[in-house]
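One structure below.
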Amino acid sequence: MSGGEIRGVLYDIDGVLVTSWRPLDGASSAVRELRERGLRRAFLTNTTSRTCAEIGERLQTAGFEIDTGEIVTAGRLTAEFLRRRYPGARVWVLNHGDIAEDLAGLELVEDRPDVVVIGGAGTEFTHRALSRVAELMLDGVPAVAMQGGLTWATDDGLRIDTGAYLPGLSAAGNAEIEVIGKPAPTGFRTCAQLMGLEPSEIVMVGDDLHSDVLAGQAVGMSGLLVRTGKFRPGVLAAATTAPDHVIDSVAVLPELLSTSGDTA
Ligand SMILES: [Mg+2]
């Protein structure tokens, strides 16, 4: 791949392994084959609507042999960040979905929060709720975003994600918003630690050029874009930085890693 020996694969989940929790053709056998070859792995997802345990169950139902401990979600990363940066803080979470289990140890409140957390976009992102986020920011309450993805793909078409709201909220609230999940480096580095590898030994596989692939390359990983999920040729054509590799789907990954001659 980009020069060094690849010893681990960091997988995005949605649009790479599954779409609307249905497996993509050949994905589960590719993931299994790479594990049998001894490659280390982790699964980094911007999903904020389900807990790590629920995602593990969904993936197992879809035919993937993946342990919950191998899954790193934006929700889990954000909870770790809040416990470290704002210990004991009262936290208001605006999020689509209930992931209370992954937010254990945080004091979740509706009124007078010390920190505002902007989770995954959905029907909770009403005009009133987003206005309240901006107002709290103007009052000096720090804002944290679980992730900064712009879109995700569903069976029913594309959906606008949290990252699409952040520039406007930051301007209206007159403050920076700290992003924790992809495309921020935090999750990529956490996953490298989890795998016990240097970023240069890892290939990041995703369907989002910016949030997955180029963000992985920015921390020193190899980046591999798949033409599934939310992949759009126009986004790739317009990019000023190229991914290290582009393949039709994750099903082709075992072949790519064996022909590049540098797998473990
Ligand atoms: Mg994806």
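Given segment 89-197, what percent of its DSSP beta bridges are antiparallel, to the nearest 5?
Of all bridge pairs located within segment 89-197, approximately 25 percent are antiparallel.
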- Distances over 15 Å make up what percent of all Cα-Cα pairs in segment 77-179? 60
- Note on the structure: Rounded to one decimal in nm, the spacing of the 7 Å Cα→Cβ label points at ALA62 and THR154 is 1.5
- Ignoring ligands, DNA and RNA, what percent of the accessible area of segment 77-179 is carbon or sulfur (1.4 Å)? 51
- If you line up the long axis of helix 52-61 against the longest principal axis of the chain, both from Cα atoms, how many degrees apart are they, to the nearest 10? 40
- Accessible solvent surface per residue of segment 77-179, calculated while the other protein chains remain in place, 1.4 angstrom probe, Å²: 51
- Looking at segment 1-83, what % of its DSSP beta bridges pair antiparallel, to the nearest 5? 20
- Using unit Cβ charges (K, R positive; D, E negative) and no other charged atoms, how large, in debye to the nearest 20, is the dipole of segment 1-47 about its Cα centre? 180
- Would you kindly calculate the translational diffusion coefficient of the chain, applying Stokes-Einstein with the Kirkwood radius from alpha carbon pairs, for 10 °C and a viscosity of 1.306 mPa s, and quote it in µm² s⁻¹ without decimals? 85
- Here the percent of antiparallel bridges among DSSP beta bridges lying wholly in the chain, to the nearest 5, is 15
- Message: Only four residue types carry charge here, +1 at the Cβ of Lys and Arg and -1 at the Cβ of Asp and Glu. Report the dipole size of the chain about the Cα centre in Debye, rounded to the nearest 20.
- Response: 240
- Between ALA164 and ARG90, what is the label-to-label distance in nm when each label sits 7 Å out along the Cα-to-Cβ direction? 3.3
- Note on the structure: Output for segment 132-264 (equivalent-ellipsoid semi-axes, sqrt of 5λ from the C-alpha gyration tensor, Å, descending) is 31, 18, 11
- Task: Treat every Asp and Glu Cβ in segment 77-179 as -1 and every Lys and Arg Cβ as +1, leave all other atoms uncharged, and give the resulting dipole magnitude about the Cα centre to the nearest 20 debye.
- Result: 280
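The values are calculated or read from the model by the stated rules, or taken from the named source; none is laboratory data. For clarity, every value in this text was computed on a predicted model and none was experimentally measured. Cβ coordinates were reconstructed from backbone atoms using ideal geometry, including for glycine residues, and neighbour counts include every protein chain displayed. Surface accessibility is based on the protein's heavy atoms, side chains included, excluding ligands, DNA and RNA. Shrake-Rupley method; radii C 1.70, N 1.55, O 1.52, S 1.80 Å.
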